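The values are calculated or read from the model by the stated rules, or taken from the named source; none is laboratory data. If you're wondering where the values come from, they're calculated on a predicted model, not measured in any experiment. Neighbour counts are summed over all protein chains in view; Cβ atoms, including those assigned to glycine, are modelled from backbone coordinates with ideal geometry. Areas reflect the complete protein model, heavy atoms only, side chains present, ligands, DNA and RNA absent. Shrake-Rupley method; radii C 1.70, N 1.55, O 1.52, S 1.80 Å.
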Amino acid sequence: PLKLGTVRTRGSSMLDYIDHIKETVHYNFDGIRVALDCANGSAARTAALLFSQLGATTKVLHATPTGLNINDDCGSTHMESLRSYMIDNKCDVGFAFDGDADRCLMFDETGAFVDGDQIMAMIATDLKERGRLVENTLVATVMSNFGMHKFAKENDIDLVCTSVGDRYVLEEMLKYGYVIGGEQSGHIIFKEYAQTGDGQLTAVQLLQIMKRSGKKMSELASVMQKMPQVLVGIKADDKAKAMLINNAAIKSAIKDVQGRLGDSGRVLVRASGTEPLVRVMIEGSDKEQITEYCNELCNVLSNEFGKE
């Protein structure tokens with residue numbers, strides 16, 4: 001039989017990983033109380049040890065994987081229990097990972113939710129203040145909140161938006177040497193340390209910013225204000241998706257709504273690459289207004305799709 005490769009066992013892999021993450025940190029986290037939701041996934045093996053070794057008072061939940069309970073009402077896709085847990089334990093911050101721990105979302109000390117856009121804004125601000133934001137650029141995707149665009153403009157940071165998917169973010173970063181990028185969903189890439197999202201790396205970098213600045217997480221996260229958003233999916237086959245490019249009525253309707261929003265919001269209509277859907281997203285300062293605009297635009301799309 002052909003022997004196409006070899007299998008090697010490395011008993012120290014977990015500790016090697018923890019040591020790698022610790023090497024990116026230059027502060028001790030004494031005095032910081034951290035809640036960690038490990039999603040009954042891979043972080044269950046490493047998170048408690050990592051954060052404890054860095055000096056944080058560490059509270060852990062959903063860290064008993066059975067092979068069947070991964071992401072089961074826990075982790076970054078189900079964060080309700082983490083919020084209650086961190087408040088009950090009087091924690092300064094709560095981090096939620098997903099099953100493979102490449103994502104990180106969080107709550108600040110008040111229990112307010114902090115998403116990937118706000119995380120990137122905090123990191124980019126810190127990097128810029130320390131003269132380490134290469135090309136003064138942050139890489140995100142087209143799904144990032146309009147508040148991210150306002151943050152970048154107000155802080156004189158160049159924001160590059162790619163197609164949805166962290167692989168597109170990484171491609172842009174590698175092409176031009178940018179050091180920070182990610183997605184609203186919590187995939188954050190620190191190119192100096194890794195070429196993929198790493199939730200635990202993200203969490204320790206945020207704690208490092210918190211420690212270095214002496215600020216609470218709520219104050220750090222306030223650097224970016226999220227704008228109200230309405231997102232609707234409309235069923236669409238490949239023919240309908242193609243109409244986004246060349247249908248005059250659809251293009252006119254999108255232009256009209258964007259014109260009414262002006263500089264205070266944006267419209268994004270995009271075909272899903274994985275589902276038979278076209279997604280309509282509108283952001284602006286008035287939730288009632290953008291909901292009305294979204295309904296208008298969805299009606300136009302549905303009518304035009306129905307003509308095919």
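Helices in the chain, meaning DSSP H runs of at least 4 residues, each add -39500 (n - 2.57). Divided by all residues, the mean residue ellipticity at 222 nm is -12000 deg cm²/dmol. Shown is the FRET efficiency for residue 222 and residue 3, computed with R0 = 35 Å from the Cβ-Cβ distance and rounded to the nearest 0.05: 0.05.
Partners of residue 175 within straight-line reach, counting aspartates and glutamates whose Cα lies under 19 Å from its Cα and excluding those fewer than 8 residues away in the same chain: 135, 158, 166, 183, 192. For residue 60, the residues whose modelled amide H falls within less than 5 Å of its own, excluding neighbours fewer than 5 places apart on the same chain, are 36. What spacing in nm lies between the two simple spin-label points modelled at residue 256 and residue 87, each 7 Å away from Cα in the Cβ direction? Output for this residue pair reads 4.4 nm. When both bridge partners sit in the chain, DSSP labels roughly 60% of those beta bridges antiparallel. With a cut-off of 19 Å, note down the residues of the stretch 157-173 whose backbone N falls inside the zone around a label point 7 Å from the Cα of residue 245 toward its beta carbon. Of the residues in the stretch 157-173, 163-164 have backbone N under 19 Å from the label point off residue 245. Overall, the accessible surface of the stretch 219-308 at a probe of 1.4 angstrom is composed of carbon and sulfur to the extent of 48 percent. Which lysines does residue 215 reach when only Cα atoms under 24 Å apart count, and residues fewer than 8 places away in its own chain are ignored? Answer for residue 215, where 24 Å is the Cα cut-off: 22, 59, 90, 128, 150, 153, 226, listed by chain and number.
Could you check how much of the accessible area of the stretch 117-160 is carbon and sulfur, as a whole percent, using a 1.4 Å probe? Answer for the stretch 117-160 is 45 percent, counting heavy atoms of protein chains only. List the lysines whose Cα lies under 22 Å from the Cα of residue 239, skipping any in the same chain that are fewer than 8 positions away. Result set, ordered by chain and number: 251, 255, 307. Each of 15, 47, 94 was placed along the dipole of the chain (beta-carbon charges, centred on the mean Cα), and the one lying farthest toward the positive end is 15. Per residue, the chain exposes 49 Å² of accessible surface when a 1.4 Å probe is rolled over the protein heavy atoms with every protein chain present.
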